[in-house]
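For reference, the structure discussed in these notes is given below.
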Amino acid sequence: MASSPKDLHFVLFPLMQQGHMIPMVDIARILAHRGATVTIITTPVNANRVRPAIARAIEANLKIELLELQLSLSEVGLPEGCENFDMIPSFDLFPKMYAAMDMLEQPAENILRGLNPAPSCIISDNQFPWTTDLARRLVIPRFVFHGPGCFTYLCLHIVMNTNILNEIESDSDYFTIPGIADEIQVTKAQAAGWGKTETKEMVEFFQRMEVAEKAADGIVVNSFHELEPNYVEELKKAKDKKVWCIGPVSLHNRSFLDKASRGNKSGIDEHDCLKWLNTKEPRSVIFVCLGSMSSITTDQMIEIGLGLEMSKVPFIWCIRNTTKESEKWLLDGYEERVKDRGVIVRGWAPQVLILSHRAVGGFVTHCGWNSTLEGVSSGIPMITWPHLADQFLNERFIVDVLKSGVSVVEVGDRDKVGVLVKKERIKLCVESVMEREGEGEVRRKRARELGEMAKRAMEEGGSSYVNMSLMIQDIIDRL
Ligand code: UDP
């Protein structure tokens, strides 16, 4: 008979993509911190990426283990070692990865049956639909973890479960999401990236995800109640399930190392980065980072660089993929011109370390949900620049619901894909979020309040802390 978290063993299956792996590793550490045993199951390449964080947790006497499963990549036609979505050369190869993930069901079952203590609960990404059946066979609950927050989750649910998209003719037509409290307008293309306009095999995969989610025992969301109280309640009703908001989980990272080495190896020495930030005035720096998946053209990169230069605001700019052409432009005078007030990070930035520094006052984000929440937690306004999937809805949440952000793409251009945003617009947006009077100040104050709420939610007795206790109790009650 289980009576405390110490009697529980959670098995976590994170999707192999940074925006899903990173929060799952945080969730694992939070659960282990409460005394539970936690096993994370992933592939060798992904295990190597998160091993330092897990090693630190083990050193701190937390009961966490990483176990590995091999994807049959050659069988589905993907190159060996291509184990993360950020390593797949193009989006149209994603279904091959899903096919390889489907083949993990039996090997995963073999691992789970050999675990000691026996697993008491599976928390798995919604893109592993077979984990619902696996949990059933093991007679344990399965909770779903899905990337976005409750607002976006609910909007996607409405879009997927009504006829609304079929009623709209053109991909670029705007419509209002029906049945929600705020007036949210998106185009069909922006709302449809989740199973309605994809290929036949992807539509089938999304349908399996839906079925598996319906059969799951609860939903774990990286959000906090005070951020979106109505949407948490509406999501519970729409899904007819328990929903536990247990975030922002990034706030569980308190030490320098935990904040600095989250995800990939950083493209900058983290100590140098802090030293530089320490020389700057509070809330004076803008941080630019467009996530782990989205890519921009060289022309767009140059416009960003020039816009930042024109704004005269100190900045840290993370550039994920440079090309020969863009490197040439950076080295041909740009880096030299901005060296007194700009830091360029190539590859991966220590995002949470940077965002949590008091010198940072604004964030240009692609609106991935983790970045959105990390920006909220830091109490700073955002410049929103969505590129794909749920990012468009997350943008609307930041701008229209939270009112703590400014869209970089102008209203008239938002129905077009891949619009080139000019340097003048970037300069204007940077100045507007950094502004310390008028509208800018109202936005800053709002963002500051949200940041304080986020921190309170994660403290002992806060809403997310309590939700985590309730989720644990829910499992104890079932055993
Ligand atoms: N991230 C980071 N450094 C980078 C890019 C991303 O630390 O240079 C982290 C970021 O803090 C977040 C995650 O990677 O936790 C990205 O997740 P998100 O949902 O924001 O977007 P995605 O990359 O999945 O589109």
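The values are calculated or read from the model by the stated rules, or taken from the named source; none is laboratory data. Predicted model, so just to flag it, every value in this text is computed and none were measured. Cβ sites come from the backbone with ideal geometry, for glycine too, and all protein chains shown count toward neighbours. SASA here: full protein model, heavy atoms, side chains in, ligands and nucleic acids out. Shrake-Rupley method; radii C 1.70, N 1.55, O 1.52, S 1.80 Å.
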Please give every one of the lysines within straight-line cross-link reach of Lys214, meaning a C-alpha to C-alpha distance under 17 Å, and leave out same-chain neighbours fewer than 8 residues apart. Lys236, Lys237, Lys239, Lys241, Lys242
May I ask you to evaluate 6.51 cos²θ - 1.76 cosθ + 1.60, the Karplus curve with θ = phi - 60°, for each residue of region 266-271 and list the ³J(HN,Hα) values in order in whole Hz, giving x for glycine and proline? 6, x, 9, 5, 5, 5
Which whole-number value in Å² is the accessible area per residue of region 183-281, probe 1.4 Å? 47 Å²
Helix 18-33 sits off the longest principal axis of the Cα atoms of the chain, rounded to the nearest 10 on a 0 to 90 degree scale, by 60 degrees
Search the structure for amide H atoms under 5 Å from the amide H of Ile123, placed 1.01 Å from N in the peptide plane, and list their residues when 5 or more places away or on another chain. Val11, Leu12, Phe13, Phe143
At a probe radius of 1.4 Å, what is the per-residue accessible area of Arg341, in Å² to the nearest 10? 50 Å²
Dipole of the chain, positive direction: furthest Cα of Cys318, Pro79, Ala447, with charges on the beta-carbon: Ala447
Any idea what the relative contact order of region 379-438 is, in percent, if you count C-alpha pairs under 8 Å spaced at least 6 apart? 35 percent
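For region 258-337, which trypsin sites (Lys or Arg not before Pro) are both in a DSSP coil and crowded by at most 14 other Cβ atoms within 10 Å?
Lys265, Lys312
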Cα shape, region 251-350, gyration tensor, a/c 1.5 rule: oblate
Just how far, in whole angstrom, is region 1-61 from region 397-468 if you go by their alpha carbon centroids? 30 Å
Under 5 Å from the placed amide H of Leu8, counting only residues 5+ away or on other chains, we find Thr37
From the Cα gyration tensor of region 355-479, with a ≥ b ≥ c the square roots of its eigenvalues, which class applies: rounded if a/c is under 1.5, or else prolate if a/b is larger than b/c, or else oblate? oblate
Measure off 7 Å from each Cα along the Cα-to-Cβ vector at Val211 and Asn278, then give the distance between these two points in nanometres to one decimal. 5.8 nm
So what is the calculated 222 nm ellipticity per residue for the chain, using -39500 (n - 2.57) for each DSSP H run with n of 4 or more, over all residues, to the nearest 500 deg cm²/dmol? -13000 deg cm²/dmol
Give the carbon-plus-sulfur fraction of the accessible surface of region 267-455 in %, rounded to a whole number; probe 1.4 Å, heavy atoms of protein chains only. 53 percent
In whole Hz, the Karplus estimates of ³J(HN,Hα) for region 373-389 (6.51, -1.76, 1.60; θ = phi - 60°; x where Gly or Pro) are 5, 5, x, 4, 4, 7, x, 10, x, 10, 9, 9, 8, x, 10, 7, 6
Residue (of Leu470, Ile88, Gly333) at the positive-pole extreme of the chain, dipole from beta-carbon charges: Leu470
Sequence of Arg448, Arg456, Arg56, Arg254 from largest to smallest accessible area, 1.4 Å probe: Arg254, Arg456, Arg448, Arg56
Taking θ = phi - 60°, what integer Hz values does the Karplus form 6.51 cos²θ - 1.76 cosθ + 1.60 yield along region 217-222, in sequence order, with x for Gly and Pro? 8, x, 10, 9, 10, 7
Helix 463-478 axis, angle to the chain major axis (alpha carbon atoms, nearest 10°): 20 degrees
Scan region 410-479 for GluC sites (Glu not before Pro) in coil per DSSP, keeping those whose Cβ has at most 13 other Cβ atoms within 10 Å, and list them by number. Glu410, Glu437, Glu459, Glu460
With contacts defined as alpha carbon pairs under 8 Å and 6 or more residues apart, what's the relative contact order of the chain in percent? 15 percent
Within region 247-346: Cβ-based charge dipole about Cα centre, in debye rounded to nearest 20 (Lys, Arg +1; Asp, Glu -1): 380 debye
Applying the gyration tensor rule to the Cα atoms of region 1-52 (axes a ≥ b ≥ c; rounded if a/c under 1.5, else prolate if a/b exceeds b/c, else oblate), the class is prolate
With viscosity set to 0.692 mPa s and temperature to 37 °C, compute the Stokes-Einstein D of the chain, Rh being the Kirkwood radius across alpha carbon pairs; µm²/s, no decimals. 143 µm²/s
Between Val364 and residues 5 or more places away or on another chain, the pairs with built amide H atoms under 5 Å apart involve Phe287, Val288, Cys289, Ile383
Using a cut-off of 18 Å between alpha-carbon atoms, which aspartates and glutamates can reach Lys280, once sequence neighbours fewer than 8 places away in the same chain are excluded? Asp269, Glu270, Asp272, Glu309, Asp340, Glu431, Glu435
